[in-house]
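Student: This is the structure I want to talk about, given as structure tokens.
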Amino acid sequence: MRWWGWGEDGHAVPLSPAAEDLLRDELGADPSVRKPPVPFDQVSLPDPGLPQPVRERLVTALGAEGLRDDRETRIGHAVGRSYPDLVRIRSGDASSAPDAVALPASAELVAAVLGLCAEHRVAVVPFGGGTSVVGGVEPVREGFAGVVSLDLGRLAATVDVDRTSLTARVDAGLLGPELERRLGEEGVTLGHFPQSFEYSTLGGWVATRSAGQASTGYGRIDDLVEAVRCVTPAGELGTKAVPASAAGPSLRELVVGSEGVLGVICDATVRVRPAPAARRYEGWSFTSFAEGCDAFRVMEQAGAAADVNRISDEDETRLTMALASSGGTTEKLGRRYLRMRGHEGGCIAIVGFEGSEEEVEDRRRDAAGLLRAGGAVSLGHRPGEAWHRSRYAAPYLRDDLLDRGVLVDTLETATTWSNLAKLHQAVREALSAALTGRGTQPLVMCHVSHLYPSGASLYFTFLARQEDDALAQWKAAKTAASEAIVATGGTITHHHAIGRDHRRWLAAEDGELGIEVLRAAKERLDPAGIMNPGKLLPD
Ligand SMILES: Cc1cc2nc3c(=O)[nH]c(=O)nc-3n(C[C@H](O)[C@H](O)[C@H](O)COP(=O)(O)OP(=O)(O)OC[C@H]3O[C@@H](n4cnc5c(N)ncnc54)[C@H](O)[C@@H]3O)c2cc1C
């Protein structure tokens, strides 16, 4: 991963000329602006401050390869991949970098690192792929003798598939593509494909309650975890790999979503499925977002939803169409859409089915009937295939937008079907007001992409011309949207997790007593308070 952005060098996805026009016309962005990241040698990095005896003992435990404190490794672990993270690191600010990065290759070595760090009051930040967008991997050093980032990258050997039970025990440090490749060798899939799939890990997904793009069909990661093994400073917390249990409150649920504040998830047993023989992705259009959401609700409540179900609101559809007008992956979708009678100014939806040929055809037919009854018109398979091909592309575009001085960020929530329209409007208005009021005209757009019988997620993308104080501009927008979410009854996060950025809104979710219960668990498992300080739990 590039230290200042997404992906690797040579994989950039540049903005199209249509996108440049749109940024100028709609945001007032100056096309001549270029704000590239500072050269690597100008990144400002504090000297490593790990006490020498701790460093020596860590090297003894892990070997020289298992403890790194070179400049490149420390900068690579200084921040996650949120907009404010990228603004800071691109400007050369790596002041949050850990003193060292530990790379234990076994759960026993993880335990040794935690023991040493607890003894010397060194903070430990579990680090999977580092794709957190909520400040989840940013080291906090106040009150500690040093900070170690514990990278799971070397705990990535085991993928142990039980074909009979359709489960797999998997090491936490496996990245998405390698995990799917190894499962594919056994003819199965986890079916978990977050947009960050290429650079995020199984352990990170479990620690953040991640939702993949096909989570309506395959389930969120919390549905897919059968058992976890979590090494804490107080010992190992392991849960049994059984399909169900009535043995009291679920400790697995305590670990899932614990964001590294209790311990390190070293492996998990996950539920897998036979790899699909057929995939069918297609496009539909509706006259409005409200009409489309209602049709999706009916389809989901009838048990007929697809595996992937996405509907863009009017603004997201308009932007997609504008970008399509100059060609690119969505061009065909755009042409078809514009030909639609009566749906100009409406909304585009993508649905995708996976399974055996027969299953896909049966499910497709049922869903199509309900979608048509809800007002949808079929756009055929091309828009669906275009979406499927480019489903990991957007994060690459973000780098180019930042280069051009554009604020671009996303946030997400979920609520009941009966509250969905109200929440959609409240967040749109909050973001628009916060960004317009600061001298720039924003673009705010949204889509629904995860369906449940009782409700759905809302995923907002917002763009604005970057102001001189880019971080203050972002904070105002983020705060306004979060306040609107909480006031309108949404969850503060549907899948990005709490991290540092959502902590102040956790009480609105769990209540003060709920937070005390979580704190009590942390005090028992992490008495020295070294595990990922400053995350999940409010101060
Ligand atoms: C471009 C982009 C697209 C994204 N798309 C999605 C999406 O579609 N769906 C989604 O759910 N999220 C998405 N995210 C958010 C992010 O990718 C997820 O939160 C992901 O689960 C993080 O995995 P990771 O391995 O990168 O974890 P990290 O970012 O390294 O860590 C995330 C948190 O988990 C903790 N942690 C990591 N590994 C462990 C472990 N083994 N044990 C204990 N704690 C651990 C960390 O300390 C941190 O608090 C996206 C992010 C980006 C930048």
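Throughout, read-outs are computed from the coordinates displayed, never taken from laboratory work. Keep in mind it's a predicted model, so treat the numbers as computed, not measured. In this analysis, Cβ positions are derived from the backbone assuming ideal geometry, glycine residues included, and neighbour counts consider all displayed protein chains.
Student: Work out the length of the dipole vector of the stretch 83-229 about its Cα centre, built from +1 on the beta-carbon of each Lys and Arg and -1 on the beta-carbon of each Asp and Glu, and round it to the nearest 20 debye.
Tutor: 180
Student: If I model a spin label at E429 and R504 as a point 7 Å from the Cα along the Cα→Cβ vector, what separation in nanometres do I get?
Tutor: Distance between label points: 2.2 nm.
Student: Next question. How much length is gained on full extension from R524 to Q52, taking 0.36 nm per residue of separation minus their Cα-Cα distance?
Tutor: Length difference between fully extended and current span is 167.1 nm.
Student: Taking the Cα centre of the chain as origin and charging only Cβ (+1 Lys, Arg; -1 Asp, Glu), how large is the dipole, in debye to the nearest 20? Intermediate values should be presented prior to the final figure.
Tutor: On the way: 58 positive and 74 negative charges, 114 e Å.
Magnitude of the dipole: close to 540 debye.
Student: Considering the options A477, G187, P17, tell which one lies farthest towards the positive end of the dipole of the chain, charges being +1 on Lys and Arg and -1 on Asp and Glu at the Cβ, about the Cα centre.
Tutor: Of A477, G187, P17, it is P17.
Student: Taking the number of other C-beta atoms within 10 Å as the exposure measure, put Y281, Y392 in order starting with the fewest.
Tutor: Y392, Y281
Student: So which lysines pass the test for K475, namely a Cα distance under 25 Å, with those fewer than 8 places away in the same chain ruled out?
Tutor: Once the sequence-local lysines are set aside, what remains near K475 is K35, K422, K535.
Student: Could you list M1, M299, M445 so that the one with the fewest beta carbons within 10 Å of its beta carbon is first and the one with the most is last?
Tutor: Numbers: M1 14, M299 25, M445 22.
Fewest-to-most Cβ neighbours within 10 Å comes out as M1, M445, M299.
Student: Taking the Cβ-Cβ separation of A277 and S250 as r and a Förster radius of 41 Å, what is the calculated FRET efficiency to the nearest 0.05?
Tutor: Result of the calculation: an efficiency of 0.75.
Student: Size of the chain along its principal axes in angstrom, Cα-based, largest extent first?
Tutor: 73, 58, 46 Å, listed from the longest principal axis down.
Student: Once the other residues with Cβ under 12 Å from the Cβ of L23 are scored (Lys, Arg +1; Asp, Glu -1), what is the net sum?
Tutor: Values: positive: R24, R404, R465; negative: E20, D21, D25, E26, D30, D400, D403.
Summing Lys/Arg as +1 and Asp/Glu as -1 gives -4.
Student: Now, a different point. Which value, in debye to the nearest 20, describes the size of the charge dipole of the stretch 453-539 about its Cα centre when Lys and Arg Cβ atoms bear +1, Asp and Glu Cβ atoms bear -1, and nothing else is charged? Display every interim value, and only then the final one.
Tutor: Numbers: 10 positive and 12 negative charges, 37 e Å.
That gives a dipole near 180 debye.
Student: Tell me which of V444, F286, L254 sits at the most positive position along the dipole axis of the chain, charges placed on C-beta atoms (Lys, Arg +1; Asp, Glu -1).
Tutor: Looking along the dipole axis, the top candidate is F286.
Student: Moving on to the next point. Calculate the length of the line joining the C-alpha centroid of the stretch 377-456 to that of the stretch 240-301, in whole Å.
Tutor: 20
Student: With axes computed from alpha carbons, what is the tilt in degrees of helix 470-487 against the longest principal axis of the chain, rounded to the nearest 10 within 0 to 90?
Tutor: For helix 470-487, the angle is close to 70 degrees.
Student: Ratio of alpha-carbon Rg to the 2.2 N^0.38 Å globular estimate for the stretch 1-126, to two decimals, please.
Tutor: Cα-based Rg divided by the globular estimate yields 1.39.
Student: Taking the Cα centre of each part, how many Å lie between the stretch 199-236 and the stretch 29-84?
Tutor: 26
Student: Same structure, new question: Using Cα pairs closer than 8 Å and at least 6 residues apart in sequence, work out the relative contact order for the chain, in percent. Can you show the working numbers first?
Tutor: Values: 1154 pairs, mean separation 92.8, N = 539.
Over the chain, the number comes to 17 percent.
Student: What 222 nm value per residue comes from the helices of the chain, counting each DSSP H run with n ≥ 4 as -39,500 (n - 2.57) and dividing by all residues, nearest 500 deg cm²/dmol?
Tutor: So the helix-based figure for the chain works out to -11000 deg cm²/dmol.
Student: Based on the mean of other beta carbon atoms within 10 Å per residue, what is the order of 146-159, 197-210, most packed first?
Tutor: Highest to lowest by the protection proxy: 197-210, 146-159.
Student: Arranged by the count of other C-beta atoms within 10 angstrom, fewest first, what order do H381, H388, H447 take?
Tutor: Sorted ascending by nearby Cβ count, the order is H381, H388, H447.
Student: Additional query: For the ranges 247-254, 235-242, what's the packing order if you count other beta-carbon atoms within 10 Å of each residue, average per peptide, and put the highest first?
Tutor: 235-242, 247-254
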